[in-house]
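Written below as structure tokens is the structure these notes are about.
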Amino acid sequence: MNGVPWPDLEEQRQQAEANLLLLRVALALIDEARRTGAFETDEEKLTARAAELADEFASGAPKGSSAGGEARVQAAPLTADHISLSAPFGESSSVDQTLRADGVLLGGGVSTSVSFESIDETGLSPEEAEKMRQAVAEFEAKQARPQLGGGHFLRALAAEPQPGSEVQILAAELFDDGMLIHYTHDQEPESLESIVSGDPSQWLEPEPMLLVEDDLGTKYYESGGGGGGGVQVVHGASGFAPAVPSEARIIRITTDSGTVELRL
Amino acid sequence: MEAAGEELFDWSHISRTHLCEASLRLLAALGAEPRFPGEVAGIEALVGRVAEGRPGEPMDFAVEPASELPRYRGEHLVWVSPAADGRLRLRHETGESLASEAVTLRPDGRLGEFETIAGFGVPEAELTDQAHADRETVERRIREREDHEANARPDIDEGQRRFRTEHLLRVVAAPPQDPAGPVASFVALYETGVIVYYLVPRPPEVELETDDPWAEPLEAAMTPEIELSDGQGTTYEVVDLDYLDPNAPLLRASQSFAPAVSPTSTRLTIGFKTASVEIELGPA
């Protein structure tokens, strides 16, 4: 679960500055809209005007564009009385907003773009090249596995109580292309300070490892589902595919806490 | 907690953002007028024309005369007052203490420099009767809030612990139902409540598209009204909602209820608006 970058204080400062710059540009565009009766609908003109205003308001910084070569604030017409605004910050993030002509911001957020670079195999060591081939093969194999779509529900199977087990299986929901295993487990709450200062990739409780088998030896692959939330208790579900064969009579679900049998 | 809170959140940035958003609405409400009103009555009329935002959004305005000490009510208010040259002065009261951020808005949409105001901005000896009264109001509100938080803590703790595993009694699957509408899948019975797991057919995309920017049709579809009946007249209240997969063709969600189903109840009827299903609970 590692690897999700959490904005450090410097990035948070950059985000705050980008947000305020976007809002200053929005104010100037609202002023122009109220005087002319509408937002500029020509995308090129609106884009240029937003960039010009951003330069005007970004005091002290070099004129023209942000570090990434983009305008400090980008704008685009959406409808007759809506425009979108975006202010890039950091390496590849931006603050985004939709502005209505009556001055109301219709919600927005922060987005981070991710780019992929092709790897030149000729520059890799034999070990690195082998690792890459294995990763690609693994990915392709995973893509070829059966997937749970979950479009046609068949029935649910309730699990017997498992008092004392850390992870407790609640039920299996059977679909025509797989199943969802519902589980629950307790967790201790974290303090607000540790949540705010910590790595957000650690906020999500890791899903418990589930192994699903039946009495026919069917191979089940993880597919979808997702951990649930909660402050002191987690309710989640993990998906598996393919569908349980009609001839199967028992499903076994094994966790670190033990094995639960569901009779079909 | 206040000291820790100040370290965790940049309140001045939150206030400044709030001031910008308030400025957007005031400027849009100005229409074709070349200047902001220079008197309180005119500003009150302007504030009355400000567009409403998201339901429940805290964007409340109050008007104060210029050249008087700042007012405080202990709420997250944007105080608006006239300023020279057809401008407005906006001040956001943090609501957490006697502090505010202020900025001047020109009728051409330009903002002046942000200003942080501690208290009333004057020495103690210069405080007016109104300032003393405001200070008492804010201090009383802070005390009331702290008392409320202290009193609410046990309820919050109880709510967070209600469905921990030590309270789980058993799970009962629901019988087959018509898949055209919401389908109850199973119920988890706890000593402290009951969780109903269900599936809802995903509405057609055309029903998910709406011109209302505040509408949340997918969430609405995932949270159908559910009425529980145990034949004993118990009144069940929803205490939690959980969405498991908003992207699936069958939306999966759960609703948690309290109180617990009585051990003497032998069946539980789950009533959706369009259908209901009776679950045999069997022996406790």
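Observations, loosely collected:
- Residue within the stretch B:110-120 that is in a loop (DSSP other than H, G, I, E, B), in contact (Cβ under 8 Å) with a residue 40 or more places away in the chain and in contact with a Lys or Arg (Cβ under 9 Å, 6 or more places away or on another chain) present: yes
- Conditions (1) over 24 Å from the mean Cα position of the chain (by Cα); (2) modelled with pLDDT of 90 or more; (3) not in a strand (DSSP E or B): number failed by B:Glu139: (1)
- Looking across the stretch A:145-193, the residues that are among the β-branched types (Val, Ile, Thr) and either outside the structural domain of A:Leu211 (by TED's automatic domain parsing) or closer than 22 Å to B:Leu199 by Cα (or both) come down to A:Ile169, A:Ile181, A:Thr184.
Table: residues versus (1) in contact with a Leu (Cβ under 7 Å, 6 or more places away or on another chain); (2) modelled with pLDDT of 85 or more; (3) under 30 Å from B:Pro201 (Cα atoms); (4) not acidic (Asp, Glu).
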position: A:Gln97; (1), (2), (3), (4): yes, yes, no, yes
position: A:Arg100; (1), (2), (3), (4): yes, yes, no, yes
position: A:Thr112; (1), (2), (3), (4): no, no, no, yes
position: A:Ile119; (1), (2), (3), (4): no, no, no, yes
position: A:Glu127; (1), (2), (3), (4): no, yes, no, no
position: A:Gly151; (1), (2), (3), (4): yes, yes, yes, yes
position: A:Gln162; (1), (2), (3), (4): no, yes, no, yes
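- Subset of the stretch A:11-34 that is of a type in the set (D, E, K, R) and more than 7 Å from chain B (Cβ to nearest Cβ) - its residue that is farthest from A:Ala58 (Cα to Cα): A:Glu32
- If the condition is being without any contact (Cβ under 8 Å) to a residue 12 or more places away in the chain and outside any loop (DSSP other than H, G, I, E, B), then the stretch B:209-231 contributes only B:Ala220.
- Any hit, the stretch B:232-241, residues being part of a helix (DSSP H, G or I), of a type in the set (A, V, I, L, M, F, W, C) and within 24 Å of A:Gly224 (Cα to Cα): no
- With respect to (1) within 12 Å of chain A (Cβ to nearest Cβ); (2) out of contact with any Ser or Thr (no Cβ under 9 Å at 6 or more places or on another chain), the lone exception for B:Gly42 is condition (1).
- The stretch B:122-177: number of residues that are among the β-branched types (Val, Ile, Thr) and closer than 30 Å to B:Tyr198 by Cβ: 4
- All conditions but one from (1) within 13 Å of another protein chain (Cβ to nearest Cβ); (2) out of contact with any His (no Cβ under 8 Å at 6 or more places or on another chain); (3) assigned to a helix (DSSP H, G or I); (4) among the hydrophobic types (A, V, I, L, M, F, W, C) apply to B:Ala51; the one that does not is (3).
- Checked against (1) part of a loop (DSSP other than H, G, I, E, B); (2) within 20 Å of B:Glu113 (Cβ to Cβ), B:Leu90 passes all but a single condition, namely (1).
- Candidate set: the stretch B:174-184, residues that are within 8 Å of chain A (Cβ to nearest Cβ) and surrounded by fewer than 19 Cβ atoms within 10 Å (Cβ to Cβ); chosen: the one farthest from B:Gly282 (Cα to Cα): B:Pro179
The values are calculated or read from the model by the stated rules, or taken from the named source; none is laboratory data. A quick note: this is a predicted structure, and the numbers were derived from the prediction, not measured. When we count neighbours, we look across all protein chains shown, and the Cβ atoms used for this are built from the backbone with ideal geometry, even at glycine.
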